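For reference, the structure discussed in these notes is given below.
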Amino acid sequence: MIPFDYRRAQDPADAVTAVAERPGAAFLAGGTNLVDHLKLGVTAPDLLVDVSRLPLDGVESLPGGGLRIGAAVRNSDLAAHPVVRERYPMLSRALLSGASGQLRNAATTAGNLLQRTRCVYFQDVTTPCNKRDPGSGCSAIGGYTRYHAILGASEHCIAVHPSDMAVAMRALDADVIVLSQDGERRVPLADLHRLPGDAPHRDTVLDHADLITAVELPALPMARRSTYRKVRDRASYAFALVSVAAALELDDGMVGDVRLALGGVAHKPWRASTAEEHLRGAPATVETFRRAADAELAAAQPQPGNEFKVRMARNTIVAVLRELAGAHGMGGEHR
Amino acid sequence: MEVPITIRVDGAERSMTIDTRTTLLDAMRDRLSIMSPKKGCDHGQCGSCTVLLDGRRVVSCLALAVAHDGAEITTAAGLADGAELHPVQQAFVDRDGFQCGYCTPGQICSAVGMLEEAKAGHPSHVTDDLTGPIDLDDAELRERMSGNLCRCGAYVNIVAALREGTAS
Ligand SMILES: Cc1cc2nc3c(=O)[nH]c(=O)nc-3n(C[C@H](O)[C@H](O)[C@H](O)COP(=O)(O)OP(=O)(O)OC[C@H]3O[C@@H](n4cnc5c(N)ncnc54)[C@H](O)[C@@H]3O)c2cc1C
Ligand code: SF4
Ligand code: FES
Ligand code: FES
């Protein structure tokens, strides 16, 4: 680990200035991803600007019925927040399915969104990786692909974004509030994370000194009936092979409205818009759910070694929609 | 960069000058000779370095010491009240909740933190009703303790100890 300076930010503007002034600086929040990467040599900042104690740790209801979540709110506190449990259960469940109790107590909202891929080659500095070392090649292509993408990948990178929380926030149409030297701006979560294309070293659209200060969730009454399902190699404390965040609203046996996002399948939380289109206005039956999932996954391009994830994603989408429809007394095999 | 920090560990105030790269775990073990928290993986994956940081369980291997200047830390060694073991410690002894003992201080700190979380009504991944009361059955205990690995596989007795610990 190369030596670095450390500084506790006084306020958000001070944090932005401190990072803007040093090209090698980085924000430090809970440290559960960044400190790991310092040890692995994946990144080597020369200044850490600690933002974990900034007064960005509140969860407040917004006038229109939405929710503003501070960037420094700990994952465990957000998962347990009464409003989140009641109005956005998919977000509670996504958070609770991630990492461990100890890690969730340290991990923050912003750090979770900006955590980097768990691609084993990315984390192993002895192997080529376009994300860590642009132009060096991608060791995952033709390598170990179990935890890699089936949607939206490129010939330069097939990594997936590992966050569970972000998948739920994507389904909920969250906005990210970003502070820079030019002032504050609002970035839809949909646009925060990038597809790898020919620049996989850029996970997000954020610039060097962009500080996330909050995430805002819109009021979405249908999210009261929502859930998150994560399929993984062991029952707990493992990253997703495939995950599904969904909310479903039924109207007299038909799908009134739906929100569907997938994790573990792409370089960003994947909103299943094609499936949503197939579902809206269609009868809430298993047949519909299957057709919608197939339509979404028609674009899937799995790697040798992770073909199974296409079927896994399809079955998980169907299972989650059935579960939500079942809660309405619908979506049974015979309808 | 060298910085002076002061932390309270198990009730004693400790001041030192550390390199900014030092983790809380290394500061305790290498600088303060506090050997209760163990280094298993050093990457947040095993839980053997778990301590209570300002009352909450965290892994100390991914926490930079400099970022926790002023913190109050409790290790498993600091849980006992004189010669009287903490109820969770006593339950581990009574139920044989360990074999080699390497993961045990982390398991115990994690369990103490976990019981507080449950008492505060925090749900877990296996909680059916997110807004209902918490019933710490075996599935709940296993899920909530999944951040602590035990290479000896003492899990069955750890769960038994925690069942007892929750009753007290
Ligand atoms: C063993 C293990 C298992 C895990 N399992 C899961 C899992 O199953 N699911 C899951 O989703 N996650 C999992 N995680 C990842 C965990 O969720 C992240 O490490 C955590 O959310 C990162 O948050 P942090 O506050 O610690 O971020 P840090 O490590 O402090 O920072 C992460 C990144 O965000 C940047 N950053 C932090 N705050 C800001 C800000 N306000 N503005 C701009 N940039 C900022 C930092 O510069 C850094 O680049 C796991 C981690 C470990 C170690
Ligand atoms: S998949 Fe992406 S992160 Fe993994 S080795 Fe290839 S370029 Fe690197
Ligand atoms: S040593 Fe900290 S989690 Fe393994
Ligand atoms: S008792 Fe040996 S590792 Fe748990």
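Since every read-out is calculated from the coordinates, none of them should be taken as a lab result. Please read these numbers as outputs of a predicted model, since none were measured by experiment. Every residue, glycine as well, gets a Cβ built from its backbone with ideal geometry; the counts of neighbours run over all protein chains shown.
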Task: Residue among A:264, A:64, A:197 with the largest mean-square fluctuation in a Gaussian network model of chain A, springs linking Cα atoms under 10 Å - done: A:64
Open item on the list: How would B:109, A:119 line up from fewest to most surrounding beta-carbon atoms within 10 angstrom?
Closed with: A:119, B:109
Open item on the list: Suppose R0 equals 30 Å. What FRET efficiency, 1/(1 + (r/R0)^6) with r the Cβ-Cβ distance, do residue A:180 and residue A:238 give to the nearest 0.05?
Closed with: 0.25
- [ ] Could you list which residues have their amide H under 5 Å from that of residue B:51, counting only those 5 or more apart in sequence or on another chain, with H placed in the peptide plane?
- [x] B:58, B:60
Open item on the list: Less than 11 Å Cβ to Cβ from residue A:134, Lys/Arg counted +1 and Asp/Glu -1: what total charge do the surrounding residues give?
Closed with: +1
TODO: Mind giving me the nanometre distance, one decimal, between the label points for residue A:191 and residue A:207, set 7 Å out from Cα along Cα→Cβ?
DONE: 1.5 nm
- [ ] Would you mind getting me the FRET efficiency between residue B:119 and residue A:319? Use the beta-carbon distance for r and R0 = 45 Å, nearest 0.05.
- [x] 0.85
Task: Karplus-derived HN-Hα couplings along the stretch B:139-149 (A = 6.51, B = -1.76, C = 1.60, θ = phi - 60°), whole Hz, x at Gly and Pro - done: 4, 5, 4, 4, 4, 5, 9, 5, x, 10, 8
Open item on the list: Taking a virtual spin label 7 Å from the Cα of residue B:137 along the C-beta vector, which residues in the stretch A:93-111 bring their backbone nitrogen under 12 Å of it?
Closed with: none
- [ ] Holding the Cα-Cα limit at 23 Å, pick out from A:131/A:268; A:131/B:39; A:39/A:309; A:39/A:230; A:268/A:309 the pairs that are longer than that.
- [x] A:131/B:39; A:39/A:309; A:39/A:230
Task: Tilt relative to chain A, helix A:286-297 - C-alpha long axis, 0 to 90 degrees, to 10 - done: 40 degrees
Task: Positive minus negative residues near residue A:222 (Lys, Arg vs Asp, Glu; Cβ under 9 Å) - done: +1
TODO: Would you work out which of A:45, A:3, A:62 lies farthest towards the positive end of the dipole of the stretch A:1-98, given +1 charges on the beta-carbon of Lys and Arg and -1 on that of Asp and Glu, about the Cα centre?
DONE: A:62
Open item on the list: Run the Debye formula on the Cα coordinates of the stretch A:222-329, all scatterers equal and no solvent, and tell me log10 I(q)/I(0) at q = 0.14, 0.17, 0.18, 0.21 1/Å.
Closed with: -0.51, -0.74, -0.82, -1.08
Task: Gaussian network model of chain A, springs between alpha carbon atoms under 10 Å - residue of A:30, A:66, A:263 with greatest fluctuation - done: A:66
Task: Ascending count of other beta-carbon atoms within 10 Å, so fewest first, for B:124, A:136 - done: A:136, B:124
Task: For the stretch A:77-135 and the stretch A:190-218, distance of Cα centres in Å - done: 14 Å
Task: Electrostatic dipole magnitude of chain A [Cβ: Lys, Arg +1; Asp, Glu -1; Cα centre; debye, to 20] - done: 980 debye
Task: Net charge of neighbours whose Cβ lies under 14 Å from the Cβ of residue A:108, counting Lys and Arg as +1 and Asp and Glu as -1 - done: +1
Task: Under Karplus coefficients 6.51, -1.76 and 1.60, residue-wise ³J(HN,Hα) of the stretch B:106-111 in Hz, glycine/proline x - done: x, 4, 5, 5, 4, 5
Task: Förster radius 22 Å - calculated FRET efficiency between residue A:10 and residue A:118 (Cβ-Cβ, nearest 0.05) - done: 0.05
Open item on the list: Compute, for the stretch B:2-77, the length of the dipole vector about the Cα centre, with Cβ point charges of +1 (Lys, Arg) and -1 (Asp, Glu) only. Units Debye, rounded to 20.
Closed with: 260 debye
Task: Nearest-ten-degree value, helix A:12-21 long axis tilted from longest Cα axis of chain A - done: 60 degrees
TODO: Using a Gaussian network model of chain A whose springs link C-alpha atoms within less than 10 Å, name the residue from A:167, A:205, A:242 with the highest mean-square fluctuation.
DONE: A:205
- [ ] Tell me which residues come under 5 Å, amide H to amide H, from residue A:66 once H is placed; ignore anything under 5 positions away on its chain.
- [x] A:219
